[in-house]
Amino acid sequence: MSSDSGAVASAGTMGRLRRELAASPPLWWAMLYFFSLLCGYYVLRPVRDAMGASTDAASVFPRGLIALGERMGIEVGDFMLQLLFTATFIAMVLLQPLYGALVSRFPRRVFLPAVYLVFIACLLGFWWAFDSGMAGRGAAFFVWVAVFNLFAVTVFWSFMADVFDNAQAKQVYGYIAAGGTVGALVGPAITRFLVEPVGVANLLLVSAGFLGICLLCIMKLRPWALARERQGGAMAGQAMGGSVLAGLRLVWQRPLLRALAILMFFGVGVGTLLYNEQARIVRAAYATPEERAAFYSTLDWAINGLTIAIQLLLTRFLLQRYGIAPLLLLPAFAIMLGFAALSASPLPMLVAIVQIVTRASEFSLAKPARETLYTRVDREQRYKAKAVIDTAVYRGGDLTFVWLHKALAVLGSGMVFLAGLGIALGMTYGAWRVVRAERTLPQDPSAEPAHAPSKPT
């Protein structure tokens, strides 16, 4: 393709986006919502990652845990990520019934704002903890950011499945994801430029401000979600009821949900192995938390730059033309090739490149494809089962593979990545199962019309 034809294609894409934004106010609010959510998260992520790569256990863990390790003859710092990921999984398991109760007993207009208000309150508490230098703040913050990311993002996409039907999702999810990617580009830039002059504690207040914008967007999008429920015959604005642990039962019973759980588990595995190898490299190369945070923000820039290019130029085209199959299978094959290359030559730069490709393909292709599937299931699957897959299954994969990495690391990076190739095969199998199960779904369970209402009803 010549440069002129590429420019024309890019101009056409942007022109189409402008027309669709003008005709669809929900798309505007959804993009602003996801932009603010990921911007607020990516302000925090480099700080969290720098703690995971820290060499100073005293700055991360409570003094009591360090003393217990000393009495047992264990150096806590040698198990930094393993302990942090284990604590994260325990937190997810404990919070899952609480989230299920919230979804079952309260209507969306109550529990969605409540989730974000709790997150804002937590950020204010961490601001005080960092400002006062409280012991153990690093581990608590690492666990909390992981919980925040998964719950806040899964709630976002569940809500989008309430606002848009399947046909609309194929049209707009790529653009919504691109709005989030812009936020994911802005967030690390904020951290990179402000972490030294204002300090880590004050960055938390910046993130809290972005979550406040998310609350505004929820209120603005609510009328369209209620209108879609009325069109589908649902009791608009009512709590969905059912068992608090219904999500676990649904994942076990439904073939599509089981396949999504398999895909999530092994997909997390490849990411966890890369994350741990990367943390080892960063720990050796950078001495201070500020330097590590700057490195991670630069890596996030590269990932999100590639992501937004794919989202704007390819995601919508592939979804509408070919469905979810290429968006799930192409990343899986690319990751298998990347791990095969790393098992033969585990160079630090190649690790970074495979990390960029892995995360960019997840955000730009695989995730939008998975999220469109939830527009074709009922609300209980959309909120409860999805939360189980996106939180408990996700962090269960983290826990499994972070300890597996610890065992494999003694054999060298080549063995780590050879095992990763096997895990990537499991991910590919899960993607294939999802594609097969998707073919049995109705196009839209509530049979909404092809176009959203032009104004709230």
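None of the figures in this text is laboratory data; all of them are computed from the coordinates on show. Please read all numbers here as calculations on a predicted model, not as lab measurements. Cβ placement follows ideal geometry from the backbone for every residue including glycine, while neighbour counts extend to all protein chains displayed.
Within a Cβ distance under 10 Å of residue 413, other residues only, what is the Lys/Arg minus Asp/Glu net charge?
0
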Among 354-361, 316-323, 178-185, 215-222, how do they line up from the highest to the lowest mean number of other beta-carbon atoms within 10 Å?
-> 178-185, 354-361, 215-222, 316-323
From the backbone phi of the range 261-276, what are the Karplus-calculated ³J(HN,Hα) couplings (6.51 cos²θ - 1.76 cosθ + 1.60, θ = phi - 60°) in whole Hz, Gly and Pro given as x?
-> 5, 4, 4, 5, 4, 6, x, 5, x, 5, x, 5, 4, 5, 4, 5
Using the Karplus equation 6.51 cos²θ - 1.76 cosθ + 1.60 (θ = phi - 60°), what ³J(HN,Hα) coupling, rounded to whole Hz, does each residue of the range 330-343 give in order, writing x for Gly and Pro?
-> 4, x, 4, 5, 5, 5, 4, 5, x, 5, 4, 5, 5, 5
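Test of understanding: what is the full-extension gain from residue 98 to residue 198, defined as 0.36 nm times their sequence separation minus their Cα-Cα distance? The partial results should precede the final answer.
On the way: separation 100, 0.36 × 100 = 36.00 nm, distance 3.55 nm.
That works out to 32.5 nm of additional length.
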In order through the range 371-377: 3J(HN,Hα) via Karplus (6.51 cos²θ - 1.76 cosθ + 1.60), integer Hz, x for Gly, Pro = 5, 4, 5, 6, 6, 10, 10
Taking alpha-carbon centroids only, the range 369-397 lies from the range 192-206 a number of Å equal to 34 Å
For peptides 80-90, 405-415, 258-268, sequence by mean Cβ density within 10 Å, most packed first = 258-268, 80-90, 405-415
Charge dipole (the range 317-413, unit charges on Cβ, about Cα centre) - positive-most of 352, 320, 392 = 320
